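Chemist: The following block contains the structure, expressed as structure tokens.
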Amino acid sequence: MKPYKSLIGTVAAACASLAFCTAQAEPAWPTHVITLVVPFAAGGGGDTLARLMAEPLGRELGQTIIVENRPGAGGNIGTSIAARANPDGYTLAYGTNGTQATNHWLYKSPGYAPGDFEPVSRFTIIAAALVVNSADERFKTLEQLIAYAKSRPGELTCGSAGNGTSSHLACELLNQMAGIKVMHIPYKGGGAAMTDLLGGRISFMIDVMPNVSGQIAAGKLRALGVTTPERVASNPDIPTVSEAGVKGYEFYAWDGLYAPKGTPVAVLDKLNAALNQVLQKPEVRKMLESRGAIPSPTTRAGLKDFGAEEYERLGKVVKTAGASID
């Protein structure tokens, strides 16, 4: 009997030891700080939205999420860095319609492929607005701007944050759908374009609401339309571009959370659940909507399908516009 009891004790001890070792090898995620790579400069629209999401998401997960800005090449530099990170769930990527779709059409070699990432969930759909300087009395409505552009081809100018950016492609889509010819003026960043719009040196811009809402509220810019299919909750008096005169026009930015390819499914599922929970919180929704960003969480498969559709849709806009960066 004693040898039998001794054997049981040995087996139990071995099992306990094995369980302990397994627990040590695979601790519950997350156990330490998570890094969110934002491939844009600090202070911009994308960086602002990423930081707004990082703090409540970190609380939901029980860990701090720090934002690491790695700007350059339209988001390609930081996105490439995130793609090569260890797929352990401790390095995540802030992705946008630019980094996950249009950059693959604009650059010959962005440094990463769409398949280098595991989609987690979309954050938001981000409305843009067509804005003019409030001092410009010629354009109180979009119909007036379109009529003017048709009567004077090439005279009006549309500023953007640079070739191939969302603000550039939004202008090109307006040209295509409204049947007008507006001259595109690329800048090295949206801030420089905004300075010239406020100074009266360009005619208009189509930029995301987080970048223009403050100037609209201050009365320095007049919004002639928002680019989403529906009006924006924070500015319900602004019609959609489709309502205002260019039927069917839609061009919005979006952002989402991605992880390097090979990140464990359990981690991805936990991230998706946490992010969906955060985006349902009234205080988070209010904070995002006040900036023109519409909370739009998805399943992991939902973001994968949406990203593939956007890749094709935005690729057509880029090809039609003839836009290229290198």
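The values are calculated or read from the model by the stated rules, or taken from the named source; none is laboratory data. Everything quoted here is computed from the prediction, not taken from an experiment. Note: ideal-geometry Cβ built from the backbone for every residue, glycine included; neighbour counts use all protein chains shown. Protein only, heavy atoms only, side chains kept; ligands, DNA and RNA dropped before computing areas. Shrake-Rupley method; radii C 1.70, N 1.55, O 1.52, S 1.80 Å.
Chemist: Name the single residue that is nearest to residue 117 (Cα to Cα) among those in segment 282-326 being over 14 Å from the mean Cα position of the chain (by Cα) and among the basic types (Lys, Arg).
Modeler: Per the stated criteria, the residue is 304.
Chemist: Which one of 272, 276 is surrounded by fewer than 18 Cβ atoms within 10 Å (Cβ to Cβ), under 15 Å from residue 60 (Cα atoms), touching a strand residue (DSSP E or B) at 6+ places or on another chain (Cβ under 8 Å) and in contact (Cβ under 8 Å) with a residue 40 or more places away in the chain?
Modeler: One residue alone meets the criteria, 276.
Chemist: Could you count how many residues in segment 100-123 are among the hydroxyl-bearing types (Ser, Thr, Tyr) and modelled with pLDDT under 95?
Modeler: Just the residues of segment 100-123 that are among the hydroxyl-bearing types (Ser, Thr, Tyr), to begin with: 102, 107, 109, 112, 121.
Still in the running and modelled with pLDDT under 95: 102, 107, 109.
Selection size over segment 100-123: 3.
Chemist: Exactly one condition in (1) among the aliphatic types (A, V, I, L, M); (2) open to solvent by less than 30 Å² (accessible area, probe 1.4 Å); (3) at pLDDT below 95 is false for residue 325; which is it?
Modeler: (2)
Chemist: Let me ask something else about it. Could you go through segment 301-320 and let me know if any residue there is of a type in the set (Asp, Glu), in contact (Cβ under 8 Å) with a residue 60 or more places away in the chain and not in a helix (DSSP H, G or I).
Modeler: No, because not a single residue in segment 301-320 is of a type in the set (Asp, Glu), in contact (Cβ under 8 Å) with a residue 60 or more places away in the chain and not in a helix (DSSP H, G or I).
Chemist: Let me ask something else. Among the residues of segment 148-184, what is the count of those that are modelled with pLDDT of 95 or more and within 22 Å of residue 72 (Cβ to Cβ)?
Modeler: Number satisfying all stated conditions: 1.
Chemist: For segment 284-301, how many residues meet the condition of being open to solvent by 70 Å² or more (accessible area, probe 1.4 Å), modelled with pLDDT under 95 and in contact with a helix residue (DSSP H, G or I) (Cβ under 8 Å, 6 or more places away or on another chain)?
Modeler: Qualifying residue count, segment 284-301: 1.
Chemist: Next up: Among 124, 91, which is the only one that is within 25 Å of residue 57 (Cα to Cα), among the polar types (S, T, N, Q) and more than 13 Å from the chain's Cα centre (by Cα)?
Modeler: Among 124, 91, only 91 is within 25 Å of residue 57 (Cα to Cα), among the polar types (S, T, N, Q) and more than 13 Å from the chain's Cα centre (by Cα).
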